[in-house]
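The values are calculated or read from the model by the stated rules, or taken from the named source; none is laboratory data. What you are looking at is a predicted structure, and each value in this text was computed from that prediction instead of being measured. Note that we place each Cβ from the backbone using ideal geometry, even for glycine, and neighbour counts take in every protein chain shown. In case anyone asks, the SASA skips ligands and DNA or RNA and just uses the protein heavy atoms, side chains included. Shrake-Rupley method; radii C 1.70, N 1.55, O 1.52, S 1.80 Å.
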Amino acid sequence: MDKATIWAHIHAERAALAATLADLDPADWAHDTLCPGWTVHDVAAHVISTPQIGWAQMPGMTVRNLGRGYNAMIYREVKRLGARETRESILGDFERFATSTHHVPTTTSVEPLIDALLHHQDIARPLGIRRTMAPEAAAVAADRVRRLAFLMGSGRLVRSARMVATDIDWDRGKGPTITGPIQELLMLASGRAPDPDLVSGDGLAAVAGRR
């Protein structure tokens, strides 16, 4: 997928997430998400912060998190953002930056796609909201997530099964098979629980103890 199409998917997902957030009651912003320890407020602030992080912000992030691993750094930065931003300022940032094509230094244009797709699910699913990903976008994100699995803590899981999408031509990995919509395989590859009604295969047992 070319970069222009990737950014079109990112912008569409950000706009959809902004609409989801705008429809939530203020109390829903304090609801837990699929990310342990992160509220809806935290995740929303994180997603729209990435277009705003450039080289000028990198030294401060590094100094604040010396001696900590990647996941610990992300957690601390997300909580810091969440404490600093208000519901209104986050929604305002979505208006200003939703169509930005900036990405965090040292990352690719696919990372904002991963953030938008997965974090929309992180917010929506615990609130009982259904959001279907564009399969082509989810496939691009899933390929990148598989490469980043060592950072996301899902490396062993990704290596333990073959994942086959039922809604797009996508077949990755070796071992016992898991089949389902590509968005559920993306959830699984990132270490999240997929919708059990949408996935099947003998590979589920193989990965159950690795999540």
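Would you be able to tell me the number of residues in segment 125-163 that are over 22 Å from His9 (Cβ atoms) and part of a strand (DSSP E or B)?
Residues in segment 125-163 being over 22 Å from His9 (Cβ atoms) and part of a strand (DSSP E or B): 1 in total.
Does any residue of segment 110-120 turn out to be touching a His at 6+ places or on another chain (Cβ under 8 Å), assigned to a loop (DSSP other than H, G, I, E, B) and either open to solvent by less than 10 Å² (accessible area, probe 1.4 Å) or small (Gly, Ala, Ser) (or both)?
Looking through segment 110-120, none of the residues is touching a His at 6+ places or on another chain (Cβ under 8 Å), assigned to a loop (DSSP other than H, G, I, E, B) and either open to solvent by less than 10 Å² (accessible area, probe 1.4 Å) or small (Gly, Ala, Ser) (or both).
Out of all the residues in segment 85-105, which are without any contact (Cβ under 8 Å) to a residue 24 or more places away in the chain and either in contact with an Asp or Glu (Cβ under 8 Å, 6 or more places away or on another chain) or open to solvent by 50 Å² or more (accessible area, probe 1.4 Å) (or both)? Show your work before the answer.
Taking segment 85-105 first, the residues without any contact (Cβ under 8 Å) to a residue 24 or more places away in the chain are 86, 88-89, 92, 96.
Scanning segment 85-105 gives Thr86, Glu88, Arg96.
Please pick out the residue among Thr99, Thr166 that is over 16 Å from the mean Cα position of the chain (by Cα), farther than 27 Å from Gly203 by Cβ and among the polar types (S, T, N, Q). Explain how you work it out, then say what you get.
Working: Thr166 fails: farther than 27 Å from Gly203 by Cβ.
Criteria check complete, one pass: Thr99.
Return the total of residues in segment 152-194 being touching a strand residue (DSSP E or B) at 6+ places or on another chain (Cβ under 8 Å) and open to solvent by less than 70 Å² (accessible area, probe 1.4 Å).
Going residue by residue through segment 152-194, those that are touching a strand residue (DSSP E or B) at 6+ places or on another chain (Cβ under 8 Å) are 161-166, 170-182, 185, 188-189, 194.
After this cut, where a residue has to be open to solvent by less than 70 Å² (accessible area, probe 1.4 Å) as well, the list is 161, 163-165, 170-171, 173, 175-182, 185, 188-189, 194.
Residues meeting the conditions: 19.
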